[in-house]
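The structure's right below; bear with me while I get my questions together.
The values are calculated or read from the model by the stated rules, or taken from the named source; none is laboratory data. The structure displayed is predicted, hence computed values, not measured ones. No Cβ is skipped: glycine too gets one built from the backbone with ideal geometry, and neighbour counts run over all protein chains shown.
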Amino acid sequence: MRARWWLALIATASPAWAGWEFVDRWNDPIQAFETRAATITNEDGYALHLYRNPVGRVYALITLPEGTLDLALTGPVATLTPQGFDSKIVEAQDERGRVVEYAISTGRSLRDRLWHGEGQAPAFGTFRDLLDAPRLDATLTLETRDKVSTSWSMEGADKAIAQALGISVGGIPAGQEWEDAASQALLAAMTACQFPKLDVICVQKVTTCSAEISESRDIDAFEGCVASNE
């Protein structure tokens with residue numbers, strides 16, 4: 001039996017990160033499905049979320065801060081530019097295309113597909129550029145057709161993206177095989193704390209050592225920590 005709930009437990013128990021953050025349960029505001037997301041909110045209040053939909057496609061969703069005008073609902077509503085790479089013009093439509101998947105604007109948020117999601121990571125395209133860029137710049141078109149610009153740093157995004165999307169980024173391990181192995185290691189350690197009877201000190205040690213998985217993403221280091229006599 002998979003023990004993903006152990007990973008969720010240690011994720012919520014970990015210290016809050018500055019900047020990019022992994023959210024184990026996040027709801028897409030457009031179609032209301034639950035997923036995992038990598039999120040960041042910049043100093044101006046604009047939020048960026050990267051996540052998969054139920055069939056595995058990878059999306060970027062931008063939400064506006066309170067007190068700002070709404071986004072345009074249709075047409076070219078944004079330009080996304082990973083710093084140092086080509087720009088992508090984001091076009092929104094109020095109906096889904098038969099061949100091209102257009103972006104969706106609700107006025108307060110904008111969702112655009114970045115990658116079909118198959119494999120470990122794209123070799124090229126906007127999402128690949130985003131993974132390699134130090135910053136993402138966005139120019140947004142408002143309902144008045146005025147434009148506003150904002151940006152998000154990609155520094156420190158690798159771990160959150162690896163956790164949310166299950167892809168290896170910047171050498172950080174991810175994917176279902178790694179997640180299953182981490183879950184089994186945590187489950188085995190916690191199970192050992194319960195026989196022949198519950199050992200509270202053992203549980204506390206496993207919880208402390210779990211940072212080697214949740215923060216360092218190093219299963220061997222976790223098992224070594226649990227086995228140590230310190």
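Could you list, in sequence order, the residues of segment 203-220 that are under 20 Å from Ala164 (Cβ atoms) and touching a residue at least 24 places away in the same chain (Cβ under 8 Å)?
Correct list: Ser210, Ala211, Ile213, Ser214, Glu215, Arg217, Ile219.
Would you check if Glu179 is exposed (fewer than 14 other Cβ atoms within 10 Å of the Cβ) and either outside any helix (DSSP H, G or I) or modelled with pLDDT under 95 (or both)?
no
Kindly indicate whether Ala38 is in contact (Cβ under 8 Å) with a residue 60 or more places away in the chain, within 17 Å of the chain's Cα centre (by Cα), in the same structural domain as Thr139 (by TED's automatic domain parsing) and surrounded by 15 or more Cβ atoms within 10 Å (Cβ to Cβ).
yes
Would you check which residues across segment 105-139 are in a loop (DSSP other than H, G, I, E, B) and among the basic types (Lys, Arg) and list them?
Of everything in segment 105-139, just one residue is in a loop (DSSP other than H, G, I, E, B) and among the basic types (Lys, Arg), namely Arg108.
Something else: Quick one: which of Asp44, Asp86 is out of contact with any Phe, Trp or Tyr (no Cβ under 7 Å at 6 or more places or on another chain), under 21 Å from Ala133 (Cβ atoms), acidic (Asp, Glu) and in contact (Cβ under 8 Å) with a residue 60 or more places away in the chain?
That would be Asp44, the only listed residue that is out of contact with any Phe, Trp or Tyr (no Cβ under 7 Å at 6 or more places or on another chain), under 21 Å from Ala133 (Cβ atoms), acidic (Asp, Glu) and in contact (Cβ under 8 Å) with a residue 60 or more places away in the chain.
Cβ-Cβ under 6 Å, sequence separation 6+ or interchain: first residue in segment 134-147 and at negative phi, partner at pLDDT 95 or above and of a type in the set (Lys, Arg). Which pairs?
Thr139/Lys147; Thr141/Lys147
Same structure, new question: Exactly one condition in (1) surrounded by fewer than 13 Cβ atoms within 10 Å (Cβ to Cβ); (2) charged (D, E, K, R); (3) in contact with a Leu (Cβ under 9 Å, 6 or more places away or on another chain) is not met by Asp158; state its number.
Here Asp158 meets the rest and fails (1).
Now for a separate question. Does Val58 meet the test of being in contact (Cβ under 8 Å) with a residue 60 or more places away in the chain and under 19 Å from Pro29 (Cα atoms)?
Spelling it out, Val58 is indeed in contact (Cβ under 8 Å) with a residue 60 or more places away in the chain and under 19 Å from Pro29 (Cα atoms).
Quick check on Phe127: is it more than 21 Å from the chain's Cα centre (by Cα) and of a type in the set (Phe, Trp, Tyr)?
When the stated conditions are applied, Phe127 does not pass them.
Same structure, new question: Answer with yes or no whether Ala164 is touching a residue at least 40 places away in the same chain (Cβ under 8 Å), in contact with a helix residue (DSSP H, G or I) (Cβ under 9 Å, 6 or more places away or on another chain), within 30 Å of Gly45 (Cα to Cα) and not aromatic (Phe, Trp, Tyr).
no
For segment 176-202, enumerate the residues that are closer than 27 Å to Ala164 by Cα, hydrophobic (A, V, I, L, M, F, W, C) and out of contact with any Ser or Thr (no Cβ under 7 Å at 6 or more places or on another chain).
Across segment 176-202, the qualifying residues are Trp178, Ala181, Ala182, Ala185, Leu187, Ala188, Ala189, Met190.
If I go through segment 55-104 residue by residue, how many of them are in a loop (DSSP other than H, G, I, E, B), of a type in the set (A, V, I, L, M, F, W, C), within 22 Å of the chain's Cα centre (by Cα) and surrounded by 14 or more Cβ atoms within 10 Å (Cβ to Cβ)?
2
Based on this model, can you work out whether Ser153 counts as outside the structural domain of Arg52 (by TED's automatic domain parsing) and either closer than 25 Å to Lys88 by Cβ or of a type in the set (S, T, N, Q) (or both)?
Considered against the rule, which asks whether it is outside the structural domain of Arg52 (by TED's automatic domain parsing) and either closer than 25 Å to Lys88 by Cβ or of a type in the set (S, T, N, Q) (or both), Ser153 comes out as no.
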